[in-house]
Structures are given as C-alpha cells and as structure tokens.
1. Do we find a residue being farther than 19 Å from residue 114 by Cβ and either at pLDDT 90 or above or assigned to a strand (DSSP E or B) (or both) anywhere in region 44-61?
2. If you scan region 92-101, which residues turn out to be more than 13 Å from the chain's Cα centre (by Cα) and either under 15 Å from residue 7 (Cβ atoms) or assigned to a helix (DSSP H, G or I) (or both)?
3. Considering only residues that are more than 13 Å from residue 23 (Cα to Cα) and among the hydroxyl-bearing types (Ser, Thr, Tyr), look in region 96-142 and name the one that is least open to solvent (accessible area, probe 1.4 Å).
4. Spot the failing condition for residue 19; the list is (1) closer than 25 Å to residue 146 by Cα; (2) modelled with pLDDT of 90 or more; (3) under 20 Å from the mean Cα position of the chain (by Cα), and only one is missed.
5. Could you list, in sequence order, all residues of region 102-134 that are in contact (Cβ under 8 Å) with a residue 24 or more places away in the chain and in a loop (DSSP other than H, G, I, E, B)?
6. I need a count of the residues in region 1-15 that are at pLDDT 75 or above, assigned to a loop (DSSP other than H, G, I, E, B) and either buried (at least 16 other Cβ atoms within 10 Å of the Cβ) or not basic (Lys, Arg) (or both).
7. Being open to solvent by less than 70 Å² (accessible area, probe 1.4 Å), at pLDDT 85 or above and either over 15 Å from residue 11 (Cα atoms) or of a type in the set (A, V, I, L, M, F, W, C) (or both) is the filter here, so list the residues in region 29-43 that pass it.
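The values are calculated or read from the model by the stated rules, or taken from the named source; none is laboratory data. Computed from a prediction, not measured in an experiment: that's the story for all the values here. Heads up, the Cβs are rebuilt from the backbone with ideal geometry, glycines too, and the neighbour counts pull from every protein chain shown. Note: areas computed on protein heavy atoms with side chains; ligands, DNA, RNA excluded. Shrake-Rupley method; radii C 1.70, N 1.55, O 1.52, S 1.80 Å.
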Amino acid sequence: MSYKIIATILTDTDQSTEGLDAAITLSDRMGAHLDIYVVTISHTETNTYFMGAEALMIAEQTRDAMAQRDRIKDWLADRMHGEMVRWSMQAATVQGPALTGYLARKLRFSDLVVLPKPYQDNPEAATLVEACLFTAERPVLMIPKGCKAPDSGWPRADGMERRSRGAGRRTRGTAVAGTGRCCGYLYH
C-alpha cells in the first residue's frame with residue numbers, strides 16, 4: 001500500500017525527532033506529501049483562579065506557548081532545509097480541550113500519521129495518539145525511541161489486539177518489522 005499524504009505532529013523539538021525522521025523517510029520512499037503540524041498546547045486551568053485573574057493567566061501561558069511554537073518553526077525550517085521531499089507546515093497554539101477537535105479537522109485528508117511512541121517524559125504524546133486514532137480516525141505509526149523508519153517490507157501483521165486505556169475502544173495493532181527488530185507499531 002502506498003500512502004499519498006503522511007502527517008506528523010511536533011509539540012517539542014526534543015520529543016518528536018523519531019516521528020519526524022521516520023515521516024521524512026517514509027514520504028521520500030513512497031513519494032508522498034508530508035504534512036507537518038506544529039502544535040503547542042496552552043495548559044491553562046481557568047477554574048482555579050479568581051475572577052479577572054483568569055484572563056491574565058490565559059494570556060501569559062498562551063504567549064509562552066506561542067513563543068515555543070515559533071522556536072519549533074525555526075528549528076523545523078533548519079531541519080527541513082535540503083530535504084528532497086514535498087512538505088508543508090502549519091502551526092497553531094491551542095487550548096488543551098480544543099486539541100482533539102483541531103487535529104480531527106487537520107488530519108481528515110491524511111492517509112497515515114507518524115508519531116513517536118508515548119513515554120512518560122512526553123505527556124502530550126498519549127493525547128496525540130488517542131486524538132489521531134479515535135477522533136480523527138487515522139492510522140497511526142508509532143516509532144519507539146532510537147528507531148528509524150521501517151524497511152520497505154512493512155507492515156507485517158502479528159494479529160495483536162489492543163484496547164486503548166482511555167477510550168475503551170478496540171484497535172488493531174500491527175508490529176512493523178525493521179532490520180532485525182521491531183521499528184514501530186501501526187494502529188488502525
């Protein structure tokens with residue numbers, strides 16, 4: 001199967017490199033267009049402040065998230081310079097509860113989403129995976145730390161059934177074979 005549009009989501013330059021590198025490699029190998037979404041999340045809990053102070057907290061945290069978004073955009077422009085793949089980038093700063101709706105709208109035309117595997121040092125990764133799988137209903141290829149893009153002979157099914165911890169829905173998991181070890185997990 002050849003994918004025409006491959007997407008990846010960057011929330012941080014340190015946490016997202018495996019997903020970005022794998023997405024670039026797969027896009028190049030399959031001749032697909034790469035959509036890169038730079039999304040920073042403003043985690044403002046408005047119900048814990050006095051009336052009137054909420055606006056100040058929202059403005060400050062949103063300004064910080066927008067500055068982080070601009071740093072990621074600059075890093076991405078340097079990283080993608082010289083890559084021989086068709087790519088586009090869209091950047092946004094969203095409030096936490098609006099993330100799933102934003103991703104569902106943006107990813108509706110993507111054939112595959114490539115993300116780094118969620119670990120405890122990246123709190124947004126699990127939310128991104130669940131938003132892509134269940135809200136946007138897109139297949140997700142998760143790349144573990146230290147792994148590269150899978151070889152051309154993927155996916156190779158091993159019949160894994162997974163249950164998402166948050167949503168309680170069944171997903172079909174497929175181990176993706178690389179050179180001598182598993183290089184990712186494709187969920188659809």
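1. Looking through region 44-61, none of the residues is farther than 19 Å from residue 114 by Cβ and either at pLDDT 90 or above or assigned to a strand (DSSP E or B) (or both).
2. 92, 96, 97, 98, 101
3. Top of the filtered list is 102.
4. Every condition holds for residue 19 apart from (2).
5. Within region 102-134, 107, 108, 109, 110, 111, 117, 118, 119, 121, 122 meet the criteria.
6. Matching residues across region 1-15 total 4.
7. Selection gives 30, 31, 32, 33, 34, 36, 38, 39.
Quick grid of which residues meet (1) out of contact with any strand residue (DSSP E or B) (no Cβ under 8 Å at 6 or more places or on another chain); (2) modelled with pLDDT under 90; (3) basic (Lys, Arg):
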residue: 71; (1), (2), (3): yes, no, yes
residue: 87; (1), (2), (3): no, no, no
residue: 90; (1), (2), (3): no, no, no
residue: 95; (1), (2), (3): no, yes, no
residue: 100; (1), (2), (3): yes, yes, no
residue: 110; (1), (2), (3): no, no, no
residue: 113; (1), (2), (3): no, no, no
residue: 120; (1), (2), (3): yes, yes, no
residue: 124; (1), (2), (3): no, yes, no
